[in-house]
Each structure stands twice: as C-alpha cells, then as structure tokens.
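Student: Dropping a structure here in structure tokens format, bear with me for questions.
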C-alpha cells in the first residue's frame, strides 16, 4: 500500500519519450542536433564576447542585445543535457526535481525573451518616433532598471505555477512526450486538482505573451506611420533598416510559438512525432537564428567576428 502513497510518486522519476518511432535512427538524429546545440552555444557566446570587448557596442541598445543573447544561451543550455542524453546515451530517466527545475528555466526564459523583445521595440520606437529625446530616455541606467524589471517579472511570475508541480499527485504513467520537461506535459500526468495551474498558466500567457506581442505590434504600427511621413525614400529605408534585426528576432520567436499552439490546439489527429518536432523548433530556433541575424545585420559585430577568424596583419 505504501507504494501508492503520493509522496512515492512525487519522488519518483519520469521517462522522456524522445522521438517516438525513430529510436533506431537516434545516432543519425543526434548528429544534426548536436551540431545545432554547438552552433547555439558558440554563436551566442561569441556575440556576448564581441559585445563585451567591442567598445563601440557599449551602448544601451546593445545592452538589450546582450540580455537577449544571454536568454538564448540559457535556453540552449537548459535543454541540452536531456535532449542529447536521450539521443546519445538513451538516458531517458529524469527525477521530478530536475524535471521541475528544467521546466522552470524553459518557461522563465521564454517569458524573459518576450520581455526583452518588447523593450527592444520600445528602444526602436523612441529612436524613430522621438529621436531628439532618445539619448535622454534610453540610457545605460534606464536599460538596467528596465532589464531588472524584465528579469523579476520572468522568474517571479513563473515561480508559483512551477512550485505547485512539486505537490501534485502523479498517478498516471510517468512518460513525458518530449526530450525535456514542460509544465503542460507534467500536468497531464497528475490526478490532482489542476485548476490553479491551468488558469494561472493561461493568465500568464494572456498577460505576458499576448500583451507583449500586442504592444510590440502597436509600437511598429507607430514606427511605420512615422516612417511614411519622411519625405526622402532613402531616409525611410535607412530608418526601417535599423529595425530589420529586431523584426526578424520577433518573427523567429513568435512564429514557432504560434505554430506550437496551433498544433496543440488543432493537431489532435497528428502523430506524436509532429508535436515533438514542433517542441524542438520552439526551443531551438530562436537561440539558433538570433546570433546569425545580429552577426549579419550589425556591421560592428560582423567586422569583429571576421577579425577573430581573419586577423589583419600589420
């Protein structure tokens, strides 16, 4: 009888499903995924290094880029052990505490990235719509304050719903549908009352992700309206080019989220493998693409990286 006690469930381990139906192909899947993780970690650490050593990039807008890059680096690092553990070593077991910690980092970092993208849209809005006040409004101290709010919002608001997972009764087979732990994945394995988690998570999505996206959209509507009032076509293009990297970063972040939401909402008939692939795209696509976007679109970063590999001879 003691084996059925809730505490025994709560201290037991979970099995990560990995890629269902493709177990025999794990070595072939592991190679490209290992390459992607290598690019994610090296790419983001390189951007951080360049931002640190390049004096011309010690400006408020690049502090935001550093925060975005740190978030992407953390997202890659938080999922790497379990994903590659499943693929390379068939280590599919994870303890409840480790699973909850991983879910906390994944969801917290997602909220943090949304917040950083919102602040970056504010930066672009001030630069284009109110350029005379840019240097007085967007300062190093203001970015530090806003960045602290973004960090606090991400980690504190995520905490209650994640802590609650530790006290739920997991009565169903302990098999998770991904190679990493997500809040909703753990929630479907419990027989406890999940109304708090369900409503809180929904509120979090609406208040943060939806509100952030609406505010970002509103800022760009105002930006485009301001740009259209500029008489010179060249000046219009120059203004829009300063937003290109940020617009691409927004698409890279929000398109996978929309795709994953659509799959979960309307893709009940799809195979589990589709859900797994969408989950990996949601986790890995932004941290993979953002360093590429900013290294291509930012001249100082591109020049510094080129100099690292092809140093000029005196």
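Student: Any idea what diffusion coefficient the chain gets from Stokes-Einstein, in µm²/s, Kirkwood Rh on alpha carbon pairs, 10 °C, 1.306 mPa s?
Tutor: Translational diffusion coefficient: 74 µm²/s.
Student: Report the full-extension gain for the segment residue 225 to residue 163: residue separation times 0.36 nm, less the Cα-Cα distance, to one decimal in nm.
Tutor: Gain in length upon complete extension: 17.9 nm.
Student: With the contact rule set at Cα under 8 Å and sequence spacing of 6 or more, what percent relative contact order holds for the chain?
Tutor: Taking the mean separation of contacting Cα pairs over the length of the chain, I get 28 percent.
Student: Label points 7 Å out from Cα along the Cβ direction at residue 95 and residue 188: separation in nm?
Tutor: Those two pseudo-labels are separated by 2.7 nm.
Student: Here's a follow-up. Determine the gain in length on full extension of the stretch residue 299-residue 270; use 0.36 nm per residue of separation and subtract their C-alpha separation, reporting nm with one decimal.
Tutor: 6.1 nm
Student: Considering only C-alpha atoms, what is the centroid distance from segment 30-76 to segment 236-314, in Å?
Tutor: 12 Å
Student: Using alpha carbons only, how many degrees (0 to 90, rounded to 10) separate the axis of helix 244-266 from the longest principal axis of the chain?
Tutor: Taking Cα atoms only, the helix is inclined about 30 degrees.
Student: OK, next. Relative to the longest principal Cα axis of the chain, at what angle does helix 211-228 sit, 0 to 90 degrees, rounded to 10?
Tutor: The angle comes out near 20 degrees.
Student: With everything on Cα atoms, drop me the angle between helix 140-165 and the longest principal axis of the chain, reported from 0 to 90° to the nearest 10.
Tutor: Once rounded, one gets 10 degrees.
Student: Relative contact order, percent, of segment 75-215 when contacts are C-alpha pairs under 8 Å separated by at least 6 residues?
Tutor: Relative contact order here is 33 percent.
Student: Now a separate question. With a 10 Å Cβ neighbour count serving as the proxy for reagent exposure, in which order, fewest first, do 120, 308 appear?
Tutor: Neighbour counts put them in this order, fewest first: 308, 120.
Student: Within a 10 angstrom radius of the beta carbon, how do 282, 26 rank from fewest other beta carbons to most?
Tutor: Result, fewest neighbours first: 26, 282.
Student: I need the shape label for segment 209-314. Rule: rounded when a/c is under 1.5, else prolate if a/b > b/c, else oblate, with a, b, c from the alpha carbon gyration tensor.
Tutor: Oblate.
Student: Still on this structure, I have one more. Given the Cα atoms of segment 176-252, and with Rh set as the inverse mean 1/r over their pairs in the Kirkwood sense, what is Rg to Rh to two decimals?
Tutor: Rounded to two decimals, Rg/Rh equals 1.26.
Student: Now for a separate question. Give the Rg/Rh ratio for segment 64-151, taking Rg as the radius of gyration of the Cα atoms and Rh as the Kirkwood radius, to two decimals.
Tutor: My calculation of the ratio gives 1.18.
Student: Determine the calculated [θ] at 222 nm for the chain from helices alone, applying -39500 (n - 2.57) to every DSSP H run no shorter than 4 residues and normalising by the residue count; nearest 500 deg cm²/dmol.
Tutor: -24500 deg cm²/dmol
Student: Using the 10 angstrom Cβ neighbour count as an exposure proxy, how do 229, 298, 158, 152 rank, fewest first?
Tutor: In increasing order of surrounding Cβ atoms, one gets 229, 152, 298, 158.
Computed from the coordinates by the stated procedures, all read-outs in this text should not be read as laboratory data. These figures come from a predicted structure and were not determined experimentally. Quick reminder, even Gly has a Cβ in these numbers, built from the backbone with ideal geometry, and neighbours come from all protein chains shown.
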